Amino acid sequence: MKTNDFAKLHPVILFTYFTAVILFSMFFMHPVFLAISFFCGFLWAVSLAPRETLRFTLKCILPLAVLMTVINPMINHAGLTVLLYVNDRPITLEACAYGAASAAMFSSVLLWFSCSNRIMTAEKFISLFGRAAPSFSLLLSMVMRFVPRFKAQTRAIAEAQDGLGRGVDSGSLPTRAKNGMKILSILTTWALENGVITADSMRARGYGLPGRGRFQIYRFDSRDKWMLTILSALIFAVLFGFIKGENSIRYFPFLSLPPFSPFSFFLYICYFLLCSYPMLFNAVCEVKYHGGF
Amino acid sequence: MRKNSGLRPGFSVLSVVLLLLAPAAAILYGVYGLDNRKYLLVSLVILACAILSFFLLFEQRKPPARDLVTLAVLCSIAVAGRAAFFMLPQFKPVAAVVILTGVCLGGQAGFLVGAVSALVSNFFFGQGPNTPFQMFAFGLVGLLAGLFFRHARRKPKKLFLCVYGTLSVFILYGGVVNGGTLLISGLPLTPVSYLTVCASGIPFDLTHAAATAFFLFVLSGPMMEKMERMKRKYGLMQRDDDSE
């Protein structure tokens with residue numbers, strides 16, 4: 001996939017999408033829904049960042065999933081179908097199945113978060129709260145700006161201190177620690193004083209006066225409108241199925257799935273469309289705007 | 001100069017819904033709904049309401065620019081500090097900065113700095129399912145620091161701060177975040193599985209608690225002095241006193 005058109009949609013759509021998919025992945029323990037969510041999440045994460053995702057899956061997700069599958073039946077002894085006894089404790093089929101299901105759930109949640117971290121960047125998150133919580137979003141955006149600025153300032157202070165013979169690389173260990181703390185102390189004083197200057201400058205330019213607008217970088221265009229409509233329809237369909245009990249499953253005392261019906265098939269398709277929405281959207285855009293694959 | 005310092009009607013309705021109705025509805029649903037993940041759902045709703053109500057309070061007070069920037073500076077120091085020690089996992093000064101903020105500027109400021117630092121540092125290190133639990137846990141550590149030490153006549157002794165830092169990080173932060181891990185993982189909610197999760201997190205929690213005590217020991221003197229000076233010189237966070 002050459003361009004990522006999904007990431008260019010309005011932050012409201014992206015936030016709705018990720019909130020819905022991550023919450024659904026967390027709460028639907030039905031095997032079909034778990035499989036759909038895991039499959040789509042994995043595929044999308046791979047298409048976003050192939051090497052990182054494979055490394056993350058092998059090094060982090062796989063061990064966790066194995067651990068969860070193994071630990072669950074050891075701790076949880078509910079369930080009627082006893083497979084074997086370990087130390088007079090029953091290991092049940094239901095607990096094993098539940099362990100595998102929660103491992104799949106946890107893995108797909110982590111995969112979806114890894115996608116969300118690439119798409120839902122901080123400035124998009126901040127822009128969401130611009131209208132509802134202006135002070136909070138201003139606070140967030142200032143922190144995002146200050147962190148790299150403070151790092152640069154720390155380097156500058158450290159170099160100046162080094163020039164005075166008080167660097168962190170010279171002298172005995174206690175001296176070095178003391179010099180390091182001195183740098184931190186200088187940084188704090190500078191940051192607080194500088195913050196007050198920033199604040200005074202903001203006030204001088206009319207921060208907080210009535211009738212002031214806010215900086216808006218994202219426009220909600222007609223494509224966004226259509227996409228949000230489709231997304232909401234899919235989310236409501238899945239939620240309706242949840243209310244009808246189609247997405248739920250009972251693991252204890254014995255496994256019981258809701259009966260399979262045309263409606264559940266319809267729900268599986270809706271959930272699949274929802275989970276593969278970004279990939280489908282990118283594919284459609286590829287054909288429409290960038291002249292095919 | 002500020003247009004309306006009182007409660008805005010829209011906000012107060014929203015805060016009532018957030019503080020009372022939504023958690024109550026979630027608990028009722030949890031009691032009557034038959035879902036094996038209901039504890040996670042109810043706790044997420046309650047956490048979100050708790051965090052949002054603090055943000056709403058902050059929003060309602062229409063903080064002046066100086067307060068806002070000072071809070072942003074404190075959050076940034078916490079986040080940049082975590083980034084500076086990134087090679088040592090869990091050795092981070094966030095809790096220490098949050099506690100000192102709570103002590104000097106009050107519990108509400110402590111909660112805000114804690115929650116925002118957790119949120120923003122996860123933008124740098126990657127958001128995960130634990131983010132709301134971390135936000136709430138750091139916020140709680142800062143809030144309680146404010147409640148314990150704010151109205152003390154003298155400045156709290158370094159020893160008390162270190163003890164509070166160690167205990168609060170190990171018990172409160174560790175307890176909340178481990179509880180979150182347990183709820184998300186889908187292990188059965190029994191004392192045994194909670195202890196299993198806590199035991200698996202003990203090395204991290206102990207490092208975190210030790211780091212907090214260390215940073216409090218080193219930082220509390222200069223940081224508190226600087227914040228007190230800011231308060232005296234520029235009159236920061238004065239409305240905090242009025243509302244408490």
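The values are calculated or read from the model by the stated rules, or taken from the named source; none is laboratory data. For clarity, every value in this text was computed on a predicted model and none was experimentally measured. Note: ideal-geometry Cβ built from the backbone for every residue, glycine included; neighbour counts use all protein chains shown.
Miscellaneous remarks
- Number of positions in region A:194-244 that are among the acidic types (Asp, Glu) and more than 33 Å from the chain's Cα centre (by Cα): 1
Table: residues versus (1) closer than 30 Å to A:Ala152 by Cα; (2) of a type in the set (Lys, Arg); (3) within 9 Å of another protein chain (Cβ to nearest Cβ).
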residue: B:Cys49; (1), (2), (3): no, no, no
residue: B:Phe54; (1), (2), (3): no, no, no
residue: B:Arg61; (1), (2), (3): no, yes, yes
residue: B:Leu68; (1), (2), (3): yes, no, yes
residue: B:Ala72; (1), (2), (3): yes, no, yes
residue: B:Ile77; (1), (2), (3): yes, no, yes
residue: B:Gly81; (1), (2), (3): yes, no, yes
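- When residues of region A:184-232 are limited to those that are assigned to a loop (DSSP other than H, G, I, E, B) and aliphatic (A, V, I, L, M), the one surrounded by the most Cβ atoms within 10 Å (Cβ to Cβ): A:Leu209
- The requirement of being farther than 30 Å from B:Thr70 by Cβ, surrounded by fewer than 21 Cβ atoms within 10 Å (Cβ to Cβ), within 11 Å of another protein chain (Cβ to nearest Cβ) and without any contact (Cβ under 8 Å) to a residue 60 or more places away in the chain is satisfied by A:Leu67.
- For region A:234-245, a residue qualifies if it is in contact (Cβ under 8 Å) with a residue 60 or more places away in the chain and either within 14 Å of another protein chain (Cβ to nearest Cβ) or farther than 18 Å from A:Pro262 by Cβ (or both), and the qualifying residues are A:Ile235, A:Phe242.
- When the helices (runs of 4 or more DSSP H) confined to region A:66-176 are screened for residues that are modelled with pLDDT under 90 and under 30 Å from A:Leu255 (Cβ atoms), those reaching at least 1 such residues are found at A:93-119.
- Where B:Arg66 falls short, out of the listed (1) modelled with pLDDT of 85 or more; (2) under 25 Å from B:Tyr164 (Cβ atoms): (2)
- Residues satisfying the stated conditions in region B:86-125, i.e. within 11 Å of chain A (Cβ to nearest Cβ) and either free of Cβ contacts under 8 Å to residues at least 60 places away in the same chain or touching a Pro at 6+ places or on another chain (Cβ under 8 Å) (or both): B:Leu112, B:Val113, B:Val116, B:Ser117, B:Leu119, B:Val120, B:Ser121, B:Asn122, B:Phe123, B:Phe124, B:Phe125
- Qualifying residue in region A:74-88 (condition: assigned by TED's automatic domain parsing to the domain that holds A:Phe272, within 28 Å of the chain's Cα centre (by Cα) and not aromatic (Phe, Trp, Tyr)): no
- Within region B:186-223, the set of residues being farther than 30 Å from A:Phe106 by Cα and either within 11 Å of chain A (Cβ to nearest Cβ) or part of a loop (DSSP other than H, G, I, E, B) (or both) comprises B:Phe214, B:Phe215, B:Phe217, B:Val218, B:Leu219, B:Gly221, B:Pro222, B:Met223.
- Taken over region B:126-157, the criterion of being at negative phi, without any contact (Cβ under 8 Å) to a residue 40 or more places away in the chain and within 14 Å of another protein chain (Cβ to nearest Cβ) is satisfied by B:Gln127, B:Gly128, B:Thr131.
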